[in-house]
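See below for the structure under consideration.
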Amino acid sequence: MTEPKSYHFKSYRFGQFVVDRRSACLRCDGAVLPLRPKTFDVLVYLVQHPGRLVPKAELIDSVWQSVNVTENSLVQCIKEIRQALGDDTQTKVETVSKRGYLFASPVVEIEGQELNDAGGGAGLAAGADRALPLPDRASIAVLPFDNMSGDPDQEYFADGISEDLITALSRIRWLFVIARNSTFVYKHRAVDVRQVARDLGVRYVLEGSVRRAGNRLRISAQLIDALSGSHHWAEQYDRELGEIFAVQDEITRSVVGAIEPRLLAAEGVRALSRSSDDLGAWELVARAQTQLWRVTREDYATAIGTLKQTVTAYPDYAPARSLLAFRLLFAAHMGWVDRDGALRDGREHAVRAMALDNSDPWGQIALGYLAMMERRTEAAIAAFQRAVDLNPNSAAARGGLGHCLAFAGSDHEAIAHAENAIRLSPLDPDMPIFIGAIAVAHYCAGRYAEAGRYAEEQLRLRPGFHGGQRLRCASLAQAGRIDEARQFLQLVRSEQPQLSIEWIRTIVPYQTPELMERFLDGMRKAGLK
C-alpha cells in the first residue's frame, strides 16, 4: 500500500547546510544545529522560495496560521536563523526594508538516499545500532520540555525551563550533564527514553511539560533511570502566571534542589548491591553517602572506611576528599571520633580537595565546617556562602550555611537558609541537619519551647542524632520541664558516656562565649556536670 503523499517531506541543501524536514532539524556537515520549531518552519518556508521576496505577512500567515502574533516573533526567528547559519553579513537571508525577507543562496531539493548521503540520516539512527559508553560518574540528559498549550508564547517558557535546568544541573560537580545542543534534536518528538540514553550515553533522563490554562501554569517533571525504566522522582508545580522569569527561576531551583539528593540516593543504592572491588571512584563515594544519611555511629564508621579506601585508591579524586573531610568533622561534632585527630585529618583532606578543584561546593562545605569547629566564625560563614554561590540550588550548601549562622547566633538568617534548604529538597535524607539548624537558632535566641519542638522532630527522623539529643535536654530544662530533661539526660548519657560540661565546651561549636554559656546553663539544669 502506497504511503500517503503528505508523509513524504522534501528536504533542502544549500552550501554545507541541510534543512532536514524528515528529522525536523538543520544540519551542517551532518551535525545538528538547534532551532526552535517555529524558527525551523520559517527557514523551511524561505528555502522553499529561494530568490523571491517573501512578505512578512505571508511568512506569518504560513507559519503561525490562525494564531495572532506580533511581527517581533518573526524578527526573533530570523535572528536565530542567521545565528545558526553564521550569516552576520545577511548574505544568505536578506532583509528587504519594510517589506520582507529573501533567501539569497542557491537551494537544491533532496530526499531518500541523497538525504542520507548528505548527513541527514546520521543522527538518531546511528544510536540505534551503537550505544555510547556511560561516563565514570552519574550522567543525565534534560529533554526539551513539551509545550502542551499550543500557545506560541509558551514555547519560550518551555525552552527556558529546559535551558535553565541544564545550566543549574551543570553546577553539580559530580554530575555529567549533556549539553543543550545535543538534546534539542528531540524537541516535539515522541521519544523512547531508553533510546535517548543509548544515543547520548547517559543513565538518567529528566523530562517534563508546560501547560497553561488562563492565568495558571502547570509544570510537570519526572526523573527516570533510562537503563532500568524506573521512576526516581516526579512532581507537579502549579503557579500563577506573573513575572515569567521569576516563575522560571523558582521552578528551576525547586526541581534541581529536589533531584540532586534523589540522584545521589539512586547511585548509592546501585553501588551497595555490588562488591567494593568492582566499583570506581564515584560509585564508592555514592555508596558512602548512602551510608552516611542514616546518621549513626556505626554507619559513619563504615562510610568513613569506604571513603578512606576511595582516597587511597584515587588520591586525586576531589569529591572523595571533600566528603571524607566533612564527615570526619561531623563525626567529631557528634562525639563519635577523636576531635583533634578528626580536625587534623579533615583539614588535610579539605585543603587537598580545594587544590584539586576549588569550584566544588562539597569542598567549600568541608572548609566551612572545619572553620566552624575551630570557631573561626567569619571564615566559616564565608566558605559556606561560597558553596551557596557555586550552587544556589544545593540544599546541602544552604543547610550548612544555616547551621553555621545558627551556632553564631544569627537566628533569623539561619532559619531562612535552613527553610530554603527544606523548600529546595523537601524529602532530603539530610533533613535532620536542616531541622537541627532551626532548632539551634531558636535555642540561641531564647525560644526554648520552639527549640525543643524542632529537636524532637529531628530525633523523630534520626533517633541516633546525638546533637539533637543534647539540644533537646537543654531545651526541656530551659523551658522549665526539669524532670523530663533529667530523665532524658539519663538516656543520652547511656549513648554518650563521655558527655560532660567540659566535653561540650571543647566539642560543640557555639561560636561565642555567651552562646556557649547559654547552652551549658541548660545542660546544667538538666543535671549534667
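We did not get these values from a lab; they are worked out from the coordinates using the rules stated. From a predicted model like this one, the values you see are computed outputs, not experimental measurements. In this analysis, Cβ positions are derived from the backbone assuming ideal geometry, glycine residues included, and neighbour counts consider all displayed protein chains.
In nm, to one decimal, how far is the modelled label at ARG423 from the one at LYS79, with both set 7 Å along Cα→Cβ?
3.1
Counting alpha carbon pairs within less than 8 Å and at least 6 residues apart, what relative contact order, in whole percent, applies to the stretch 348-433?
Working: 104 pairs, mean separation 18.4, N = 86.
Taking the mean separation of contacting Cα pairs over the length of the stretch 348-433, I get 21 percent.
Sum -39500 (n - 2.57) across every DSSP H segment of at least 4 residues in the chain, then divide by the residue count to get the 222 nm mean residue ellipticity, nearest 500.
-18000 deg cm²/dmol
Once you have the Cα-Cα distance between LYS529 and ARG218, take 0.36 nm times their residue separation minus that, and quote the gain in nm to one decimal. The partial results should precede the final answer.
Details: separation 311, 0.36 × 311 = 111.96 nm, distance 5.71 nm.
Full extension of this stretch gives 106.2 nm more.
May I ask you to compute the full-extension gain from GLN490 to GLU378, defined as 0.36 nm times their residue separation minus their alpha-carbon distance, rounded to one decimal in nm?
The span from GLN490 to GLU378 would gain 36.7 nm if fully extended.
Enter the Cα centre distance for the pair the stretch 199-260 and the stretch 38-96, rounded to the nearest angstrom.
31
What percent antiparallel are the DSSP beta bridges of the stretch 131-272, to the nearest 5?
On the way: 20 of 27 bridges.
Here the antiparallel bridges make up roughly 75 percent for the stretch 131-272.
Taking Cα pairs under 8 Å and at least six residues apart, what relative contact order does the stretch 131-272 come out at, in percent?
Reported as a whole number, the value is 27 percent.
How many angstrom lie between the Cα centre of the stretch 462-529 and the Cα centre of the stretch 314-358?
Centre-to-centre distance over Cα atoms comes out at 26 Å.
About the Cα centre, and with charges only on the beta carbon of Lys, Arg (+1) and Asp, Glu (-1), how big is the dipole of the stretch 293-383? Nearest 20 debye, please. Mind showing how you got there, number by number?
Numbers: 11 positive and 11 negative charges, 29 e Å.
Dipole size: approximately 140 debye.
Any idea what angle helix 513-525 forms with the longest principal axis of the chain, computed on alpha-carbon atoms, 0 to 90 degrees, nearest 10?
60
Under 8 Å for C-alpha pairs, at least 6 residues apart: give me the relative contact order for the chain, rounded to a whole percent. Mind dumping the intermediate values first?
Working: 900 pairs, mean separation 44.2, N = 529.
8 percent.
If you take the charge dipole of the chain about its Cα centre, with +1 on Lys and Arg Cβ and -1 on Asp and Glu Cβ, which of LEU59, ALA31, PRO261 is farthest toward its positive end?
Going by the Cα projections, it comes out as PRO261.
Can you give me the three principal axis dimensions of the stretch 131-272 from its C-alpha atoms, in Å, biggest first?
The principal-axis extents, from largest down, are 46, 27, 23 Å.
Sorting THR95, THR296, THR310 on the 10 Å Cβ count, fewest up front, what's the list? Each step should come with its number before you reach the end.
Values: THR95 13, THR296 17, THR310 26.
Ascending Cβ contact count within 10 Å gives the list THR95, THR296, THR310.
Using only Cα atoms, tell me the angle between helix 152-169 and the longest principal axis of the chain; keep it within 0 to 90° and round to the nearest 10.
Helix 152-169 and the main axis of the chain meet at about 40 degrees.
Sort PHE103, PHE245 by Cβ crowding within 10 Å, fewest neighbours at the top.
Working: PHE103 23, PHE245 11.
Arranged by neighbour count, lowest to highest, PHE103, PHE245 become PHE245, PHE103.
About its Cα centre, how strong a charge dipole does the stretch 51-111 have in debye, to the nearest 20, once Lys and Arg get +1 and Asp and Glu get -1 at the Cβ?
Numbers: 7 positive and 9 negative charges, 55 e Å.
Charge dipole, the stretch 51-111, about its Cα centre: 260 debye, nearest 20.
Note the angle between two axes, namely the Cα long axis of helix 318-334 and the longest principal axis of the Cα atoms of the chain, as a number of degrees from 0 to 90, rounded to the nearest 10.
30
What's the exposure ranking of TYR45, TYR454, going from fewest to most Cβ atoms within 10 Å? Show your work: numbers first, answer last.
Details: TYR45 16, TYR454 25.
Exposure proxy ranking, most exposed first: TYR45, TYR454.
With +1 on each Lys and Arg Cβ and -1 on each Asp and Glu Cβ, how big is the dipole of the chain about its Cα centre, in debye rounded to the nearest 20?
Charge dipole, the chain, about its Cα centre: 820 debye, nearest 20.
Sequence neighbours fewer than 8 away in the same chain don't count; with that in mind, list the aspartates and glutamates whose C-alpha is under 20 Å from LYS56.
Result set, ordered by chain and number: ASP41, GLU71, GLU80, ASP87, GLU94, ASP153.
Within the stretch 213-284, report the trypsin sites (Lys or Arg not before Pro) that DSSP leaves as loop and that have at most 16 other Cβ atoms within 10 Å.
Numbers: sites: ARG216, ARG218, ARG239, ARG253, ARG262, ARG270, ARG274; in loops: ARG274.
Within the stretch 213-284, the qualifying trypsin sites (Lys or Arg not before Pro) (loop, at most 16 other Cβ atoms within 10 Å) are ARG274.
For the chain, build the charge dipole from Cβ charges (+1 Lys, Arg; -1 Asp, Glu) around the Cα centre, then report which of LEU46, ALA441, ALA416 sits farthest towards its positive end.
Working it through, the farthest residue towards the positive pole turns out to be ALA441.
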